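Visitor: The structure under discussion is supplied below as structure tokens; questions concerning it will follow.
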Amino acid sequence: MSLLTADNLCLAFGPRTILQGAGFMVAAGERVGVIGPNGSGKSTLFRIIAGRQPLDDGRLHFARGLSLGYLPQDILEFGDGPLLATTLAAVPGKSDLEDRLRQAEDELHDCEDHDRQMELAQRIADLHLHLDRFEQEFSPYEAERILMGLGFRERDFARPLTEFSGGWKMRAALAGLLFKKPDVLLLDEPTNHLDVPSVEWLDEFLRQFKNAMLLISHDREFLDRQIRRVLSFEVEGLRSYSGDYDEYRRLREAELEVRRAARRNQDAEVRQAEHFIRRFRANASKARQVQSRKKMLEKIDVIAVDHERATMDFRFPPTAHVGKLPVAVHEITQRFGDLQLYDGLSAAVVRGERIALIGRNGAGKTTLLRIMSGELPPTAGRVEYGANVELRYYAQHHSEGLRRERSILDEVWGVNPAMTRTDVRTICGSFLFRGDEVDKPIGVLSGGELARVSLARILVKPGNLLLMDEPTNHLDLFSAEALAEALTSYDGTLVFVSHNKAFINRLATKIWDLENGQLEEFPGNLEEYLHHLKLVQRRPEPRTPAAPDTVKRPAPLANLLPETPAPKAGPRPAAPTVDDAKDDNKARFEERKRLNRERGRIERQLDDAQRQAAAYETKVAGREAEKATLERALSDPEAYADSAKYSRLLRAYQEVQDEIEALTARWTEFQEKTERLQAQLEKLPAPT
Ligand SMILES: Nc1ncnc2c1ncn2[C@@H]1O[C@H](COP(=O)(O)OP(=O)(O)OP(=O)(O)O)[C@@H](O)[C@H]1O
Ligand SMILES: [Mg+2]
């Protein structure tokens, strides 16, 4: 049964088309990942489904009585009630369920349509079940369990939401949704606000959740574990693929290969036509043909292969010279109520370092960054800045400080009014806001776009000490890479918190591992650090019960360590034996016989390997021909129009491709075997 049907959805924001005739269905219990680059329209699609964004055309149909739960990417308004009470209020009370049951029974009484009767009967059964389970399912205990899973503590339950930071408010909203157990759950980047243990908890919770879910997440591993279908914003429109993300990748790669081939053919046609036009432009007898080619070129619908990967491209200008230690913390203690994060922690940042601050969440990484930025005065201890420091702080919830009604240009320019409009526009351009786009109000921007605005604000006044908290959150893969690239050229000093392993490895010159209020320093990147931890762990235990000289690793980091196979115990070398053959002649004869047998054996094997290699080569050629035929069929626009036929062809194409790969691997194997055997033959003494 379909819970949700979208038909011919169309929406454009000015010149930017988001949806053009998109359609899809979501069945009960389906798990759908919604993917696409920054700004492609994922969050907009969720807003449409949640009824918060009107369409230009098309419609959505919902199963009657459907309950929907929606977690937006950024929530701007929250309630102000106490945490636990707000979570409990997410679920309509028992009387509401009884009302819904009565409504369904009344409708069934008057209903004549068989399908609808079935639907209603099911609904009534569900509601009865719900009512039976109400106390159990929606008990305050369950709400507490969810809140604790998302990282809250018992003493938070009675605190009003207004006391929590942006990230914790998002968690509270998520808790309410999970508690409500809607028929369809829409989650827009839920993991951005969570730490590692909470992500793990959510992962497990969602896997137990049996209702339908649409999920947007840039965290590929999380996405892959949750979904069985993909809705994807592709260059040709919204597409649907069954299977998980890996399966999507395989199918899409095959499709892209076909599109690339079709595009190559099209380009060749265009080149030929242009050549013809140039050559015969002045030739009166060819005027008609020239004209018809010109028409063809005008009408041609260029086959777009993939999203144009415009990437951010910016460099930090050289920064002003700063003292040897741009920032240091001395004996700092930080307490929040009865929670103590550090007690007498001291650390210094040396000029030019790029430090990755890692560690379990809740360890106090963000807090340490806030203390170093001067935003949060520590409970005790002091922060010292080097001479001439200009500090910039990129907070985890950086967009909180942006004003929704102002334009991108104004928000960027406001940071450094001394710059000229042209210079500010150039900087906005390098963060991919081109032309009129700089006039867009902040309020409409996508998560990735907001992150780019905050980064642009840093670049117009970069400073020589940069503190960044989760800078790759909200950025798609390409933007995250571009940011890492730009930061490698930054000549100032950088301290950053990140969960993104690739990003840390690329940038860090030093690791600060924060655990139990202590900082462990390690010069190098994350991989080197993890390797170091592994070595430390493998170091043999001292025989006498002395104090361990190794650092004890907490479980979460230990889990990051790559597996190391236990060293294999090799066979002991056999003691050399002496051949004391008495009859030399007999020995030579035996040796010759053995060599001849050996040669015969190798020759037979060689012959076989050569035959096998030839057979596989023929098979590969056969499949290559099939592949070419399928490629032609797939690039035919008619095939594309018939989606059933198209997916049949595509699967066949994918299969042939896989077969070619497998056959080629076998061919290579026999080819290598042939070479190996030939080499062995050459090594044998000439036959006698
Ligand atoms: N009301 C609006 N008016 C004008 N443009 C809008 C409006 N709402 C969204 N947009 C634009 O539509 C595009 C798609 O936005 P959306 O938030 O759906 O992207 P997204 O795929 O969720 O991206 P991200 O991965 O960055 O979160 C963006 O360029 C955004 O600026
Ligand atoms: Mg979004």
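Visitor: Calculate how large, on average over all directions, the projected area of the Cα convex hull of region 597-683 is; give the answer in nm² to one decimal. If you can, show how the numbers build up before the last one.
Guide: Working: hull surface 23.4 nm².
It is 5.9 nm².
Visitor: In nm, what is the difference between 0.36 nm times the number of residues separating residue 116 and residue 346 and their Cα-Cα distance? Before the final figure, lay out the partial values.
Guide: On the way: separation 230, 0.36 × 230 = 82.80 nm, distance 6.87 nm.
Stretched out fully, the residue 116 to residue 346 stretch lengthens by 75.9 nm.
Visitor: So, R0 is 60 Å and r is the distance between the beta-carbons of residue 422 and residue 655; what FRET efficiency does that work out to, to 0.05? Walk me through the intermediate numbers first.
Guide: Numbers: r = 55 Å, r/R0 = 0.92.
In this case the efficiency is close to 0.65.
Visitor: Further question on the same structure: Using a basic spin-label model with each label point 7 Å from the Cα along Cα→Cβ, how many nm lie between residue 629 and residue 666?
Guide: Distance between the two pseudo-spin positions: 2.0 nm.
Visitor: Name the residue farthest towards the positive end of the dipole of the chain from the options 50, 380, 526, assuming +1 on Cβ of Lys and Arg, -1 on Cβ of Asp and Glu, about the Cα centre.
Guide: In the chain, that residue is 526.
Visitor: Taking all protein chains together and a probe of 1.4 Å, list 409, 325 from the most accessible to the least accessible. Please list the in-between numbers first.
Guide: Numbers: 409 5, 325 75 Å².
Correct descending sequence by accessible area is 325, 409.
Visitor: To the nearest 10 square angstrom, what accessible area does residue 631 show with a 1.4 Å probe?
Guide: Residue 631 has an accessible surface of roughly 50 Å² with all protein chains in place.
Visitor: A further question follows. For region 185-250, which trypsin sites (Lys or Arg not before Pro) are in a loop by DSSP, counting at most 10 other Cβ atoms within 10 Å? Each step should come with its number before you reach the end.
Guide: Values: sites: 207, 210, 220, 225, 228, 229, 239, 249, 250; in loops: 210, 228.
For trypsin sites (Lys or Arg not before Pro) across region 185-250 that sit outside H, G, I, E and B with at most 10 neighbouring Cβ atoms in 10 Å, the list reads 210.
Visitor: Can you sort 428, 111 by solvent-accessible area, 1.4 Å probe, largest first? Don't skip to the answer; put the middle values down first.
Guide: Details: 428 0, 111 25 Å².
The most accessible residue leads, giving 111, 428.
Visitor: Additional query: If amide hydrogens are placed 1.01 Å from N in the peptide plane, which non-local residues have theirs closer than 5 Å to the one on residue 234?
Guide: It is 239, by chain and number.
Visitor: Sticking with this structure for a sec: Over the chain, give the accessible area per residue in Å² for a 1.4 Å probe, as an integer. Please list the in-between numbers first.
Guide: Working: 37400 Å² over 688 residues.
In whole numbers, the chain has 54 Å² accessible per residue.
Visitor: Still on this model: Please compute one quarter of the surface area of the Cα convex hull for the chain and express it in square nanometres.
Guide: On the way: hull surface 204.5 nm².
Dividing the Cα hull surface by four gives the mean projection, 51.1 nm².
Visitor: Quick one: which residues, 5 or more positions from residue 327 or on another chain, have an amide H under 5 Å from its amide H? H modelled 1.01 Å from N in the peptide plane, none for Pro or chain starts.
Guide: Answer set, sorted by chain and number: 349, 386.
Visitor: Show me, for region 416-427, the HN-Hα J-couplings you get by feeding each phi into the Karplus relation (A = 6.51, B = -1.76, C = 1.60, θ = phi - 60°), rounded to Hz, glycine and proline as x.
Guide: 9, x, 6, 6, 7, 4, 4, 5, 5, 4, 4, 5
Visitor: To continue, here is another question. Using 0.36 nm per residue of separation minus the Cα-Cα distance, give me the extension gain between residue 520 and residue 282 in nm, one decimal.
Guide: Details: separation 238, 0.36 × 238 = 85.68 nm, distance 7.72 nm.
Result for the pair: 78.0 nm of gain on full extension.
Visitor: If you wrap a convex hull around the C-alpha atoms of region 68-190 and split its volume per residue, what is the figure in Å³? Mind dumping the intermediate values first?
Guide: Numbers: hull volume 14.3 nm³, N = 123.
Given the Cα convex hull of region 68-190, per-residue volume reads 116 Å³.
Visitor: Within region 327-564, how many Lys pairs that are eight or more residues apart, or on different chains, come under 17 Å at the alpha-carbon? Mind dumping the intermediate values first?
Guide: Details: 365/501; 365/510; 501/510; 501/534; 534/552.
Qualifying lysine pairs in region 327-564: 5.
Visitor: Follow-up. So what J values fall out for region 57-63 if you push phi through Karplus, 6.51 cos²θ - 1.76 cosθ + 1.60 with θ = phi - 60°, rounded to Hz, Gly and Pro as x?
Guide: So the Karplus estimates, Gly and Pro as x, are 7, x, 8, 10, 10, 10, 4 Hz.
Visitor: For residue 627, give me every one of the lysines with a C-alpha distance below 30 angstrom, ignoring sequence neighbours fewer than eight places off in its own chain.
Guide: 299, 619, 645, 673
Visitor: If you don't mind, another one. If you roll a 1.4 angstrom probe over the protein chains with everything in place, what fraction of the accessible area of region 597-683 belongs to carbon and sulfur, to the nearest %? Intermediate results must be reported in sequence, preceding the final value.
Guide: Values: 2800 of 5640 Å².
C and S fraction of accessible area: 50 percent.
Visitor: Fully extended, how many nm does the chain gain between residue 590 and residue 489 (0.36 nm per residue separation, minus their Cα-Cα distance)?
Guide: Values: separation 101, 0.36 × 101 = 36.36 nm, distance 7.10 nm.
Fully extending the segment from residue 590 to residue 489 adds 29.3 nm.
Visitor: From the gyration tensor of the Cα coordinates in region 255-315, what semi-axes in whole Å does the equivalent ellipsoid have, largest first, with each one equal to sqrt(5λ)? It would help to have the intermediate numbers written out before the result.
Guide: Numbers: eigenvalues 203, 44, 17 Å².
So the equivalent ellipsoid measures 32, 15, 9 Å along its semi-axes.
Visitor: If I ignore ligands, DNA and RNA and count only protein heavy atoms, how much of residue 601 is accessible to a 1.4 Å probe, in Å² to the nearest 10?
Guide: Around 100 Å² of this residue is reachable by solvent.
Visitor: Something else about it: Post the alpha-carbon centroid distance, region 12-38 to region 150-196, in whole angstrom.
Guide: 25 Å
Visitor: Still on this structure: What do you get when you divide the Cα radius of gyration of region 352-479 by 2.2 N^0.38 Å, with N the number of residues? If you can, show how the numbers build up before the last one.
Guide: Details: Rg = 15.9 Å, N = 128, 2.2 N^0.38 = 13.9 Å.
My calculation over the Cα atoms of region 352-479 gives 1.14.
Visitor: For region 38-47, take each phi angle, set θ = phi - 60°, evaluate the Karplus expression 6.51 cos²θ - 1.76 cosθ + 1.60, and give the result in whole Hz per residue in order, putting x for glycine and proline.
Guide: Going residue by residue, I get 3, x, 7, x, 4, 5, 4, 4, 5, 4 Hz, with x marking Gly and Pro.
Visitor: Mean residue ellipticity at 222 nm from the helices of the chain, using -39,500 (n - 2.57) per DSSP H segment of n ≥ 4 over the full residue count, to the nearest 500 deg cm²/dmol? Don't skip to the answer; put the middle values down first.
Guide: On the way: 21 runs with 323 residues, N = 688.
Value at 222 nm, helices only: -15500 deg cm²/dmol.
Visitor: A follow-up question, please. If you wrap region 301-398's Cα atoms in a convex hull and average its projection over all directions, what's the area in nm²?
Guide: Taking a quarter of the hull surface, the average projection is 10.2 nm².
Visitor: Quick one: Cα convex hull volume of region 327-564, Å³ per residue?
Guide: On the way: hull volume 34.7 nm³, N = 238.
It is 146 Å³ per residue.
The values are calculated or read from the model by the stated rules, or taken from the named source; none is laboratory data. Here the structure is a predicted model, which means the values were calculated and not measured. Positions of Cβ are generated from backbone atoms using ideal geometry, with glycine treated the same way; all protein chains shown enter the neighbour counts. Protein only, heavy atoms only, side chains kept; ligands, DNA and RNA dropped before computing areas. Shrake-Rupley method; radii C 1.70, N 1.55, O 1.52, S 1.80 Å.
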